[in-house]
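Below is one structure, written out as structure tokens, with a few remarks after it.
The values are calculated or read from the model by the stated rules, or taken from the named source; none is laboratory data. Source: prediction; values computed, not measured. Cβ atoms come from the backbone with ideal geometry, glycine included; neighbour counts cover every protein chain shown.
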Amino acid sequence: SVRQMLTLSHYKFKKFIKHKASEFHKIVIDVNEAYTSKTVSWTGEIINNLGGSKIIKSRLDGRIMNRDLNGARGIYLRALVDTPWLRENLDLCIC
């Protein structure tokens, strides 16, 4: 249940996710999430003074995005860059 999963440590949760993925013949990719919430995913600039802000704003072009969406996008892009076979198998263009 969700309540039981909330009590899992990060390591146990990761093991659980990998186990469930293997049951359904899926792949889980470990991605270093360092700076993903502080890095503007469309420009690459690092914003150090985010505090508790719910949005991230680029100083270069003024665009804004929800901070969680930006972090998720950054993790996805990092997975594509760090995992060449993923990029090749998905037949994507990183532009």
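Scoring Trp42 on the criteria (1) aromatic (Phe, Trp, Tyr); (2) under 24 Å from Lys18 (Cα atoms); (3) in a loop (DSSP other than H, G, I, E, B) leaves a single failure, condition (2).
Only one of the numbered conditions (1) at pLDDT 90 or above; (2) more than 15 Å from the chain's Cα centre (by Cα) is violated by Ala72, and that is (2).
Total residues in region 17-39 satisfying the condition of being charged (D, E, K, R), surrounded by fewer than 13 Cβ atoms within 10 Å (Cβ to Cβ) and not in a loop (DSSP other than H, G, I, E, B): the figure is 2. Residues that are surrounded by 15 or more Cβ atoms within 10 Å (Cβ to Cβ), of a type in the set (Val, Ile, Thr) and not in a loop (DSSP other than H, G, I, E, B) within region 45-75 comprise Ile56, Ile75, listed in sequence order. Residue pairs whose Cβ atoms lie under 9 Å apart, sitting 6 or more positions apart in sequence or on different chains, and linking a residue in region 5-16 that is on the phi < 0 side of the Ramachandran plot and surrounded by 12 or more Cβ atoms within 10 Å (Cβ to Cβ) to a partner that is aromatic (Phe, Trp, Tyr) and part of a helix (DSSP H, G or I), are Leu8/Phe16. In region 43-59, the residues that are free of Cβ contacts under 8 Å to residues at least 40 places away in the same chain form Cβ pairs under 9 Å with partners that are among the acidic types (Asp, Glu) and in a loop (DSSP other than H, G, I, E, B), at six or more places apart or across chains, as follows: Thr43/Asp61; Ser58/Glu45; Arg59/Glu45.
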